[in-house]
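Colleague: Below is one structure. I have some questions about it.
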Amino acid sequence: MKRVLYAGTFDPITNGHLDLINRASKLCDCLMIGVMENKSKKPFFSTEERSEMIKKCTTHLKNAEVISFDGLLAEYVNCNHIEAVIRGLRATMDFEFEMQMAQMNARLYNKDVETIFLMTTPQFSFISSSIVKEVFALDGDVSGLVPDVVLEELKRAFHK
Ligand code: COA
C-alpha cells in the first residue's frame, strides 16, 4: 500500500492513537495523519496545537506526515491518491458507528478505497481524548495514557 490515511480529531493525541499510528506505519509507504474537525465536537486544542503535538511524538516515523483539512474525508481521499483509510476499533461500542462511516465513505469515494480496521491494543482500549481531558482537569493522573509532549501541553493549557 502506498498512501494510507488515518484521520481523527486527536484532541489531544493519546497513546492509544500513537500505538495505532506506529502499527499502521509498518503497513504502508506513507501514512498521512489527518487532523480534522468532527462537527459534533468543539475541540479544546486548536488544529495547529493538535497537529504540532502529533508531529512531535511521531518524529521517529520517517514515513508519517501530519496534515489537516476540513470537509469530507472522502473528498480528501479522492483528491490525494489515498489508497486506504485506517480506523481503530477499541471495543464493540465502536463497531456500529465505524461500519456506518465506512459504508457512507465507500459510497463517496470515486475509486476503490479500503477501510482497514486495526484492533486497539488492550491496554489502551478504555482511553479516549475526552476521558483524558476530564481526568486531567480534575487532577487525576493521566501519565502513561498520553505522550509526554501532550502531558506538558495539558499542564500549560490548564495552568498547572
Ligand atoms: N485510542 C485511543 N482513543 C481512540 C482510539 C484509539 N485507538 N480510537 C478512537 N479513539 C477515541 C478518540 O480520541 C475519540 O475520543 P473523543 O470522542 O473523546 O474525542 C473517540 O475515540 C472517537 O474517535 P474517532 O472515531 O476517530 O472520531 P473523531 O471525532 O476523532 O474523528 C472523523 C472522526 C473526524 C474521522 C470523522 O468525523 C470524519 O471523517 N469527519 C469528516 C467529515 C466527514 O467526512 N463526514 C462524513 C463521514 S461518513
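The values are calculated or read from the model by the stated rules, or taken from the named source; none is laboratory data. Values in this document were obtained by computation on a predicted structure and should not be read as measured data. No Cβ is skipped: glycine too gets one built from the backbone with ideal geometry, and neighbour counts run over all protein chains shown.
Colleague: Run down 86, 54, 82 and say which single residue is under 18 Å from residue 149 (Cα atoms) and either within 13 Å of the ligand (Cβ to nearest atom) or crowded, with 17+ Cβ neighbours inside 10 Å (or both).
Modeller: On inspection, the qualifying residue turns out to be 54.
Colleague: Does any residue of region 61-74 turn out to be more than 9 Å from the ligand (Cβ to nearest atom), under 13 Å from the mean Cα position of the chain (by Cα) and crowded, with 21+ Cβ neighbours inside 10 Å?
Modeller: Among the residues of region 61-74, not one is more than 9 Å from the ligand (Cβ to nearest atom), under 13 Å from the mean Cα position of the chain (by Cα) and crowded, with 21+ Cβ neighbours inside 10 Å, which makes the answer no.
Colleague: Would you point out the residue of region 75-92, among those that are under 23 Å from residue 18 (Cα atoms) and in a helix (DSSP H, G or I), that is farthest from the chain's Cα centre (by Cα)?
Modeller: Of everything passing the filter in region 75-92, 92 is farthest from the chain's Cα centre (by Cα).
Colleague: Separate question: Among the residues of region 6-44, count how many are touching a Ser or Thr at 6+ places or on another chain (Cβ under 8 Å), within 6 Å of the ligand (Cβ to nearest atom) and assigned to a strand (DSSP E or B).
Modeller: 0
Colleague: Assess whether residue 95 counts as being surrounded by 15 or more Cβ atoms within 10 Å (Cβ to Cβ), more than 8 Å from the ligand (Cβ to nearest atom) and outside any loop (DSSP other than H, G, I, E, B).
Modeller: no
Colleague: Something else about it: Given 145, 108, which one is within 16 Å of the chain's Cα centre (by Cα), near the ligand (Cβ under 10 Å from one of its atoms) and modelled with pLDDT of 95 or more?
Modeller: Answer to the check: 145.
Colleague: Any residue at all in region 122-129 that's without any contact (Cβ under 8 Å) to a residue 40 or more places away in the chain, near the ligand (Cβ under 9 Å from one of its atoms) and under 14 Å from residue 7 (Cβ atoms)?
Modeller: No: zero hits.
Colleague: List pairs: first residue in region 89-102 and free of Cβ contacts under 8 Å to residues at least 40 places away in the same chain, second residue acidic (Asp, Glu) anywhere in the structure, Cβ distance under 7 angstrom, at least six positions apart or on different chains.
Modeller: 89/98
Colleague: Let me ask something else about it. Scan region 130-160 residue by residue and report those that are without any contact (Cβ under 8 Å) to a residue 60 or more places away in the chain and surrounded by 16 or more Cβ atoms within 10 Å (Cβ to Cβ).
Modeller: Residues satisfying the conditions are 136, 142, 151.
Colleague: While we're looking at this one, here's another question. On the given criteria, is residue 113 more than 9 Å from the ligand (Cβ to nearest atom), more than 27 Å from residue 44 (Cα to Cα) and surrounded by 12 or more Cβ atoms within 10 Å (Cβ to Cβ)?
Modeller: Against the criterion (more than 9 Å from the ligand (Cβ to nearest atom), more than 27 Å from residue 44 (Cα to Cα) and surrounded by 12 or more Cβ atoms within 10 Å (Cβ to Cβ)), residue 113 qualifies.
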